[in-house]
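One structure below.
The values are calculated or read from the model by the stated rules, or taken from the named source; none is laboratory data. On a predicted model such as this, the values are computed, not experimentally measured, just so you know. Cβ atoms come from the backbone with ideal geometry, glycine included; neighbour counts cover every protein chain shown. Ligands, DNA and RNA are excluded from the accessible area calculation, which covers all protein heavy atoms including side chains. Shrake-Rupley method; radii C 1.70, N 1.55, O 1.52, S 1.80 Å.
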Amino acid sequence: MDHGALVLIEIGALLLGIALLGRLAARLGISPIPLILLGGLAFGEGGLLPVAAGAEFIEIGAEIGIILLLVMLGLEYTARELVTNLHAARRDGVLDMLLNAVPGALLALALGWGPVAAVALAGITWISSSGVIAKMVQDLGRLTNRETPVILSILVIEDLAMAFYLPILTAVLVGAGFAAGLVTVVIALAAVVLILYVALRHGHLVSRLVWSKNAEVLLLSVLGLTLLVAGLAAGASVSSAVGAFLVGIAISGPVAAHAARLLTPLRDLFASVFFLFFGLSTDPRDLVPMLVPAILLAVVTIATKVLTGYLAARRAGIGEAGRWRAGFALTPRGEFSIVIAGLAVAAGVDRSLAALATAYVLITIIAGPLLSRLPDTRAFAAWTRRRQAERRRRQKAATAGEVESSHIKFI
């Protein structure tokens, strides 16, 4: 068969398969990401029917998927919102990083993968999936709950941290010496600060540059600028994802809303291609030895994420049930974990990292929505009410004791 015809057949079959998996995920009430990853495993290296002819298109589409995921993330927030959230929830962000990045780094070192893989796995276990969590909160009808702003603040801090983490990871992955690596990181961080400054002070100029009443022109302007900046960033040994993220931040106001609406279908398409590519490039046989480490890592980091959300919600003065809802909601990892693993493996890190990340994401992305429904069960709700009542009794007793003590001193 003609090669061009075979490429079209393979790509068409894969896209149709993604659509069918999306329908199945909607019926099951879960994110389509785990099903797409499983589909990629089935038709990738060591799978049932390896894809060959359409591999190049899938690889390029996966790169575009990363870029679109990050630019869309940037479009969701203004630079001022990011700075405000960073200041307000900085303690929660630091706690989140320490509790969730350290287990990943320690496991990589324990497996003998070295410090480079430790930096990558730390990011994989640290970053929650904004997309999965946002959809989960919406599906559960919790958008107006008191704990939801706490959840979103932590996600925003993680998203902003990605703009600083990815340049550091890129410098580590390319194996640059200390001086060269330091220069790369400094340049990348300077670019982040510069673009944040431009977005804060002159964001209207960037928005005016890409704005057009014509939807086609607006789409091409935003997409062209994003790919251009991402390419320049990659050429300067800075992650293309960072460049895309900063472009999204720099565009604000009504322009960002219109651009997000136009880019959403493209993001969904190419993000699905990215998850498929990650599955295709992972040999299912590599997953077997990684299942036990992935399960152990998932158990530990699900617990640390629950603790992160619980403590953040407690600091915000939210009740017992809301604290647990915040904690369970933060547990799924997804697109960012896969992005980090993909960058690491592409740079030559042990391919077992991809297998571990795939298994880990599958576990957390399935367990997360299930755990999030736990606070709504009758038994759990009754338990949280008892804890809340006991806490109030202790507070009243402590207050009464302080009053009595003051009275005695006065006498």
Query raised in the report: How large is the dipole of region 285-411 about the Cα centre if only Lys and Arg carry +1 and Asp and Glu carry -1, each at its Cβ, rounded to the nearest 20 debye?
Result: 700 debye
Report summary line: Checked region 258-317 with the C-alpha gyration tensor, a ≥ b ≥ c its square-rooted eigenvalues, rounded below a/c of 1.5, otherwise prolate if a/b is larger than b/c and oblate if not; verdict oblate
Query - Electrostatic dipole magnitude of the chain [Cβ: Lys, Arg +1; Asp, Glu -1; Cα centre; debye, to 20] - result: 2200 debye
Report summary line: Helix 79-88: inclination vs the chain longest Cα principal axis, degrees, rounded to 10, gives 40 degrees
Report summary line: Nearest 10, in degrees from 0 to 90: the angle of helix 352-372 to the longest Cα principal axis of the chain is 50 degrees
Report task. Arrange the peptides 340-346, 16-22 so that the one whose residues have, on average, the most other Cβ atoms within 10 Å appears first. Result -> 340-346, 16-22
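So what is the diffusion coefficient of region 251-397 in µm² per second by Stokes-Einstein at 25 °C and 0.890 mPa s, using a Kirkwood Rh over Cα pairs?
So the translational diffusion coefficient is about 136 µm²/s.
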Query raised in the report: Of the peptides 114-124, 286-296, how do they stack up when ordered by the mean number of other Cβ atoms within 10 Å, highest first?
Result: 114-124, 286-296
Query raised in the report: How far, in degrees from 0 to 90, does helix 178-210 lean away from the longest principal axis of the Cα atoms of the chain, to the nearest 10?
Result: 90 degrees
Report task. Compute the accessible area per residue over the chain, keeping the other protein chains in place, probe 1.4 Å, unit Å². Result -> 47 Å²
Query raised in the report: Among Ala359, Ala382, Ala244, which one shows the biggest mean-square fluctuation in a GNM of the chain, springs joining Cα atoms closer than 10 Å?
Result: Ala382
Query raised in the report: In the set [x] 28.0; [y] 21.3; [z] 22.6, which value of Kirkwood radius over Cα pairs in Å was calculated from the structure you see?
Result: [z]
**Report entry** the chain: most fluctuating residue of Leu143, Leu107, Leu353 per GNM, C-alpha cutoff 10 Å
**Finding:** Leu143
Query raised in the report: On the accessible surface of the chain, probed at 1.4 Å, how many percent belong to carbon and sulfur atoms?
Result: 68 percent
